[in-house]
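The values are calculated or read from the model by the stated rules, or taken from the named source; none is laboratory data. If you're wondering where the values come from, they're calculated on a predicted model, not measured in any experiment. Note: ideal-geometry Cβ built from the backbone for every residue, glycine included; neighbour counts use all protein chains shown.
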Amino acid sequence: MSETRVAPAAATAIPAAIEAEGLWMTYRESAVPVEVLRDVSLSVAPGEMVAIVGASGSGKSTLLHLLGGLDTPSQGRIRVRGEELTGLGEDARSRLRARTVGFIFQFHQLLPEFTALENAMMPGWITGDPASAVEARATALLQGLGLGARLEHKPSELSGGEQQRVAVARALHHRPAVLLADEPTGNLDRPATETLLKILDRYRREESQAIVIATHNQDVARAAGRVVALEDGHLRPMKL
């Protein structure tokens, strides 16, 4: 009697929060084209933190800008929560970016004439959300980041670590599926760096955000669940 074999049920795959496939980026401003990225692919799951390491000029910032829809690759495709990002017009790309991607930069990029609360409210203002909901969300974020007593302070009245936490609040305003951070600890001392990493890890766990960090800092890289290195335009796994 022959044995009947039953194939195991396929595991339900968790869709990637962000997925890049076959990215090439070539700059042609000079007589000799410069290839910055060469056939780069990366998939990041919800709730996963990935660190991208590499020398200055290796293309880390370029890759983040492509992942966030700030630039368009020469070749390849990017999907955010299954939605195609590449190929969209600027307006559609901006709308998708506003809903699904948050950015944190090394130099904070806070507007100096606005308070901490107003800076954190900026994403809601841009998308035209109800004013009361925008203020409530920004206030709750800043309070959760330990800045409840600093809501009315302008950036010049805040320390570097406090300014970076305001930038985090701004980036988290719309509960983005993906948080992209470009050297976010570059201007912070060790205690402020440790505080920021704890904050990012908390939101990664609580809101299942995919976080991609470009960094030179080995401690930051070690805090990530996965590390990849960008060398000669190629991305490869790395162990620290």
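Observations
- Flag if ILE211 is surrounded by fewer than 21 Cβ atoms within 10 Å (Cβ to Cβ) and among the β-branched types (Val, Ile, Thr): no
- Scanning segment 117-127 for residues that are in contact with a Ser or Thr (Cβ under 7 Å, 6 or more places away or on another chain), farther than 24 Å from ALA214 by Cα and not in a loop (DSSP other than H, G, I, E, B) turns up at least one hit.
- Any hit, segment 103-113, residues being of a type outside the set (Val, Ile, Thr), under 24 Å from VAL228 (Cα atoms) and in a loop (DSSP other than H, G, I, E, B): yes
The rows are residues; the columns are (1) touching a residue at least 12 places away in the same chain (Cβ under 8 Å); (2) acidic (Asp, Glu); (3) under 29 Å from LEU196 (Cα atoms); (4) touching a Pro at 6+ places or on another chain (Cβ under 7 Å).
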site	(1), (2), (3), (4)
THR26	yes, no, no, yes
GLY59	yes, no, yes, no
GLY69	yes, no, yes, no
GLU83	yes, yes, no, no
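Rundown of residues vs (1) of a type outside the set (Gly, Ala, Ser); (2) not in a strand (DSSP E or B), yes/no style:
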position	(1), (2)
ASP129	yes, yes
ALA140	no, yes
ALA171	no, yes
LEU179	yes, no
THR185	yes, yes
LEU200	yes, yes
ALA229	no, no
PRO237	yes, no
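- Extreme residue, surrounded by the most Cβ atoms within 10 Å (Cβ to Cβ), among residues of segment 34-83 that are touching a Phe, Trp or Tyr at 6+ places or on another chain (Cβ under 7 Å) and part of a loop (DSSP other than H, G, I, E, B): GLY68
- Among the residues of segment 103-157, just one is under 20 Å from LEU180 (Cα atoms), at pLDDT 90 or above and among the aromatic types (Phe, Trp, Tyr), namely PHE103.
- Here GLY160 fulfils each of the conditions (1) over 18 Å from the mean Cα position of the chain (by Cα); (2) modelled with pLDDT of 90 or more; (3) closer than 20 Å to ALA138 by Cα apart from (2).
- When residues of segment 92-122 are limited to those that are among the hydroxyl-bearing types (Ser, Thr, Tyr) and out of contact with any Pro (no Cβ under 7 Å at 6 or more places or on another chain), the one surrounded by the fewest Cβ atoms within 10 Å (Cβ to Cβ): SER94
- Residues that are of a type outside the set (Asp, Glu) and either under 14 Å from the mean Cα position of the chain (by Cα) or buried (at least 23 other Cβ atoms within 10 Å of the Cβ) (or both) within segment 179-195 comprise LEU179, LEU180, ALA181, PRO184, THR185, listed in sequence order.
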